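The values are calculated or read from the model by the stated rules, or taken from the named source; none is laboratory data. Just so we're clear, the structure is a prediction, and the values are computed from it rather than from any experiment. Using ideal geometry, Cβ is built from the backbone for each residue, glycine included, and neighbour counts are taken over all protein chains shown.
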Amino acid sequence: MSGYRIRPGREADAAKLAAIEGAAATLFPEEDVPAAMAEEVTPLADFAQAARDEELLVVATADADEPVGFALLEEGEAGIHLEEFDVHPDHARRGLGARLLRAVIELARERECAEVTLTTFRHLPWNAPFYARHGFRAIEADELSSDLAQRLAEEREAGLDPLKRVAMVCPLARD
């Protein structure tokens, strides 16, 4: 793990991040993510804007500073929403996702956010169970903020099975 570092994303990272997102999408079974949806990646301009807005964290190799993973963030109702979170499959199973997630949570604390939220698959081991091990809990339907309810509705309209999706929150303790 010492061969990697986490840093703020840069505009110049955009094309590499789209390639990472595409490679990570190949891990999802087609019954969960239809092929056409799996081929869609975040537009390069969105990555560049996120870098300018300081809403992008990157896992990069320590020697060549080559991106191998990223967290794309958005401002949420009470904190940070984790919009996209990927580690290239060639660099998986090295603790990089956990390290990156801890960095997202730390950034949210530094920004004095109340929480970090996300939507994910509830049944895939590298999704909801992974986040649960790192302090996230599923949000029940009656607890959903309007923002998260809208995100889940958009996912359903895009073709994702709502029974397989879950919104999650990591509440951040205030000192």
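Data for the structure
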quantity: Scope region 30-52; condition surrounded by fewer than 21 Cβ atoms within 10 Å (Cβ to Cβ), free of Cβ contacts under 8 Å to residues at least 40 places away in the same chain and farther than 20 Å from Phe121 by Cβ; matching residues; calculated: Pro43, Leu44, Ala45, Asp46, Ala48, Gln49
quantity: Among residues of region 102-136, those that are in contact with a helix residue (DSSP H, G or I) (Cβ under 9 Å, 6 or more places away or on another chain) and not acidic (Asp, Glu), counted; calculated: 18
quantity: Residues of region 67-83 that turn out to be at pLDDT below 95, part of a strand (DSSP E or B) and surrounded by 20 or more Cβ atoms within 10 Å (Cβ to Cβ), as a count; calculated: 1
quantity: Check on Glu55, within 25 Å of Ala173 (Cα to Cα), surrounded by fewer than 17 Cβ atoms within 10 Å (Cβ to Cβ) and not hydrophobic (A, V, I, L, M, F, W, C); calculated: no
quantity: Meets criteria (closer than 21 Å to Pro129 by Cβ and among the small types (Gly, Ala, Ser)) for Ala78; calculated: no
quantity: Filter pass, Ala24 being buried (at least 20 other Cβ atoms within 10 Å of the Cβ) and closer than 20 Å to Ala158 by Cα; calculated: yes
quantity: Flag if Ala173 is out of contact with any Asp or Glu (no Cβ under 8 Å at 6 or more places or on another chain), over 24 Å from Leu17 (Cβ atoms) and without any contact (Cβ under 8 Å) to a residue 40 or more places away in the chain; calculated: yes
quantity: Any chance Ala64 is more than 13 Å from Ile6 (Cβ to Cβ) and in a helix (DSSP H, G or I); calculated: no
quantity: Which listed residue is of a type in the set (Lys, Arg), out of contact with any helix residue (DSSP H, G or I) (no Cβ under 8 Å at 6 or more places or on another chain), under 21 Å from Ala50 (Cβ atoms) and at pLDDT 95 or above, from Arg151, Arg99; calculated: Arg99
quantity: Residues of region 88-146 classified as of a type in the set (Lys, Arg) and under 20 Å from Tyr4 (Cα atoms), total; calculated: 4
quantity: Selected residue (only one of Arg94, Arg133 is farther than 24 Å from Ala173 by Cα and charged (D, E, K, R)); calculated: Arg94
quantity: Residue match in region 86-93 (condition: touching a residue at least 40 places away in the same chain (Cβ under 8 Å), charged (D, E, K, R), closer than 27 Å to Ala149 by Cβ and assigned to a strand (DSSP E or B)); calculated: yes
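Residue by residue, here is whether (1) in contact (Cβ under 8 Å) with a residue 12 or more places away in the chain; (2) buried (at least 20 other Cβ atoms within 10 Å of the Cβ) holds:
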site: Leu101; (1), (2): yes, yes
site: Arg109; (1), (2): yes, no
site: Pro125; (1), (2): no, no
site: Glu157; (1), (2): no, no
site: Asp161; (1), (2): yes, no
site: Val169; (1), (2): yes, yes
